[in-house]
Amino acid sequence: MRIDNKSEIQYFKLKMEDGQAFINFLKKKFKNTQIINQKYKLLHENEYILFPFVKNQVLIDKVVALVDKEFNFELISKEGIINENYKYRTLQEALKGKLPEKYFDMIPKAYDIVGSIAIIEFDKFNYINNKLINEYKQKIAKAVSDVNKNIKTVYEKKSQIKGKYRLRDLAVLFGDDKSKTIHKENDCFFKLDVKNTYFSPRLVFERRRIASSEIKENELIIDMFAGVGTFSIQIAKNNNVKIYAFDINPNAYEYLKKNVELNTSLKGEISPNNMDVKDLLKPKNQLGHLLKNKADRIIMNLPEDSIKFIDVACSLMKESEGTLHFYQFSEKPNPIEKTLENLEKELSSFNWEIKSMINSKIVKHYSPKAELVVIDSKIKALKKERT
């Protein structure tokens, strides 16, 4: 046996005809322990095959001790050839040797994936005084693509959501600056542009929950802040209903129309509208008159400002009873109680009340001080006293 220390990658070199027996031997002796380094390709030299081994000298020594009694082989070192099909399991694995390990605990633990695009936020890195920080960010962005083979572009989130269209500033770190993509969620497809429309993949389970809830045949539903149609389309896929979907952002409206056409197997009907829902309250608004007190269900997914549109919801909901899905960012502690209190107070100011509670919960963590809360309830108009 000869050991050549030219390179950090060590290979077991043995006759091609012994290759399968060698693999079977490793599986039998080491069972679930990873021996072959799948990050690198197997190499062939004439009648020999070279198996790249994991970078663990203690483990290699154990293998050598056992294999030496069974096979004729050489343990050699040489430059490895990366296996293009290898999928890294974590960002840390993909960044090993490429990023100083003292920064590993600063690597973002989560990032958003929207179709072929990833959006990542660097909270901790932005406080480091190092000229190489942008280079490190680019390496992390490349690692995101290495871990997720479908990712072609990685953006850094440079601002929080802002403005009436709920957009954020993005800067490309990896790949081409192509912000348009198609995102698949719960068997539905959504075309969108991450730069000029709002979309959060983190509400995937919430949208599934609403779409799978007890929705009756032929309900009239109003999606007050529809975006590119994520709630509306998933509801219409499962239910024979009529949905009026509104969004003030003209770009979101255009994608909403495209997504209704893209998802061809909808049971329900969706009517897209590019409008500020406050306009429905104007005396001359024909659609507002058409929908007045007609809705069986209303979705209010504008957590920053939903409370400011309760007057619209009361104008559109059936006075006898309707289902309201109300979303709000509420501060800790007791965010659910605060959300419910705000909702009840605002409904009361328009002579409405919560008839019964269906569900209340924290949908997701929003910030160190606040949570995203949903209140599902049956609401009704209070009877007006005669004068």
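The values are calculated or read from the model by the stated rules, or taken from the named source; none is laboratory data. From a predicted model like this one, the values you see are computed outputs, not experimental measurements. A quick note on method: Cβ atoms are made from the backbone with ideal geometry, for glycine too, and the neighbour counts reach across all protein chains shown.
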Legend entry - Residues within region 256-306 that are polar (S, T, N, Q) and surrounded by fewer than 17 Cβ atoms within 10 Å (Cβ to Cβ), tallied: 7
Legend entry - From the options ILE151, ILE119, residue that is assigned to a loop (DSSP other than H, G, I, E, B), modelled with pLDDT of 90 or more and among the hydrophobic types (A, V, I, L, M, F, W, C): ILE151
Legend entry - Test result for PHE25, buried (at least 16 other Cβ atoms within 10 Å of the Cβ), assigned to a helix (DSSP H, G or I) and at pLDDT 85 or above: yes
Legend entry - Verdict on GLY175 being surrounded by fewer than 14 Cβ atoms within 10 Å (Cβ to Cβ) and out of contact with any helix residue (DSSP H, G or I) (no Cβ under 6 Å at 6 or more places or on another chain): no
Legend entry - Flag if LYS55 is surrounded by fewer than 16 Cβ atoms within 10 Å (Cβ to Cβ), under 25 Å from LEU95 (Cβ atoms), under 39 Å from the mean Cα position of the chain (by Cα) and of a type in the set (Lys, Arg): yes
Legend entry - Test: residue in region 210-218 that is hydrophobic (A, V, I, L, M, F, W, C) and within 19 Å of the chain's Cα centre (by Cα): yes
Legend entry - Pairs where the first residue, in region 232-247, is in the same structural domain as ASP276 (by TED's automatic domain parsing) and farther than 13 Å from ILE222 by Cβ and the second is in a helix (DSSP H, G or I) and modelled with pLDDT of 95 or more, C-beta under 6 Å, 6+ apart: ILE233/ASN259; GLN234/ARG207; GLN234/ALA211; ASN238/ALA211
Inset, instruction - Return a yes/no flag: does region 196-214 have any residue that is farther than 24 Å from GLN328 by Cα and either surrounded by fewer than 23 Cβ atoms within 10 Å (Cβ to Cβ) or in the same structural domain as ASP376 (by TED's automatic domain parsing) (or both). - result: no
Legend entry - Residues located in region 95-119, provided they are hydrophobic (A, V, I, L, M, F, W, C), surrounded by 12 or more Cβ atoms within 10 Å (Cβ to Cβ) and over 26 Å from ILE82 (Cα atoms): MET106, VAL114, ILE119
Inset, instruction - Starting from residues that are among the polar types (S, T, N, Q), at pLDDT 95 or above and over 15 Å from TYR165 (Cα atoms), keep the ones in region 216-255 and report whichever is surrounded by the fewest Cβ atoms within 10 Å (Cβ to Cβ). - result: ASN218
Legend entry - Counted residues, region 342-387 - those being surrounded by 12 or more Cβ atoms within 10 Å (Cβ to Cβ), closer than 28 Å to LYS292 by Cβ and not polar (S, T, N, Q): 18
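Per-residue answers, yes or no, for (1) within 30 Å of GLU156 (Cα to Cα); (2) among the charged types (D, E, K, R); (3) touching a Leu at 6+ places or on another chain (Cβ under 9 Å):
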| site | (1), (2), (3) |
| --- | --- |
| TYR11 | no, no, yes |
| ASN24 | no, no, no |
| ASN32 | no, no, no |
| ILE49 | no, no, yes |
| PRO52 | no, no, yes |
| VAL63 | no, no, yes |
| PHE73 | no, no, yes |
| ILE81 | no, no, yes |
| PRO108 | yes, no, yes |
